[in-house]
Amino acid sequence: ELVLEFILLGQADDAVLPVSEIMQWPTASQPQAAYVIAITKSWGDIIFLGPTKEIELHSKKLIDMLDRFGASLSLHFFQCEAADVYDLLLRPVWNRGGNALHSVRHLVIVPDGLLHKIPFDILVEDRDDVSKWGELSFVVRKFTTEYTPSARFFVDSRRGRYSRGEPGKQFVGLESHV
């Protein structure tokens, strides 16, 4: 199991203080940068992903493409965009983690900002020329994925803090489109 907590610093819609003001980052000189905190039981690292604007641009492009074209989406264009987002968000983790991540088969995604709208399951790992949708190397073919709103919620839920049916320990999540 690999927990990936994405942090996009300098987002256009930052409503709270960025995490960089709370903890010491590897590079304080990049306040508009994106990171992922990657953790398994035996390995962990904070990985620089690149400029937040670039990640937001490619993510928005993929989201817009999915919304606009739906089932009539072009295989080639989808593959290019889904591979670009994979290269920005996940490939740096595999490059850094190497053999430490070889046995990982389950991803826990803790998205930030616009990444809440990205279906990580449909990101594409490579750009090999394919002629059918079934030939794409979707993330879901290699991993099961789980989404959680925060690392704290994930840990607490695993410890049984949010159990079904127990009085006083129920959780209701609502999405705001404001």
Which residue pairs have Cβ atoms closer than 9 Å, lie 6 or more positions apart in sequence or on different chains, and pair a first residue in region 47-65 that is under 17 Å from Leu90 (Cβ atoms) and outside any helix (DSSP H, G or I) with a second residue that is among the basic types (Lys, Arg) and open to solvent by 20 Å² or more (accessible area, probe 1.4 Å)? Ile47/Arg96
Taking region 60-113, which residues are small (Gly, Ala, Ser) and either surrounded by 17 or more Cβ atoms within 10 Å (Cβ to Cβ) or in contact with a Phe, Trp or Tyr (Cβ under 7 Å, 6 or more places away or on another chain) (or both)? Ala82, Ala83, Gly97, Ala100, Gly113
From the list Asp112, Asp87, which residue is in contact (Cβ under 8 Å) with a residue 60 or more places away in the chain and acidic (Asp, Glu)? Asp112
How many residues of region 51-83 are under 15 Å from the mean Cα position of the chain (by Cα), more than 18 Å from Arg127 (Cα to Cα) and hydroxyl-bearing (Ser, Thr, Tyr)? The answer is 1
Do any residues in region 140-155 that are surrounded by 13 or more Cβ atoms within 10 Å (Cβ to Cβ) have Cβ atoms under 6 Å from those of residues that are of a type in the set (Phe, Trp, Tyr) and at pLDDT 80 or above, where the two are at least six apart or on different chains, and which pairs are they? Thr145/Phe120
Restricted to region 108-128, and to residues that are hydrophobic (A, V, I, L, M, F, W, C) and not in a loop (DSSP other than H, G, I, E, B), which residue is farthest from Val140 (Cα to Cα)? Leu114
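The values are calculated or read from the model by the stated rules, or taken from the named source; none is laboratory data. Every value quoted in this text rests on a predicted model; they were computed, and no experiment measured them. When we count neighbours, we look across all protein chains shown, and the Cβ atoms used for this are built from the backbone with ideal geometry, even at glycine. Heads up: the accessible areas ignore ligands, DNA and RNA and are worked out on the full protein's heavy atoms, side chains in. Shrake-Rupley method; radii C 1.70, N 1.55, O 1.52, S 1.80 Å.
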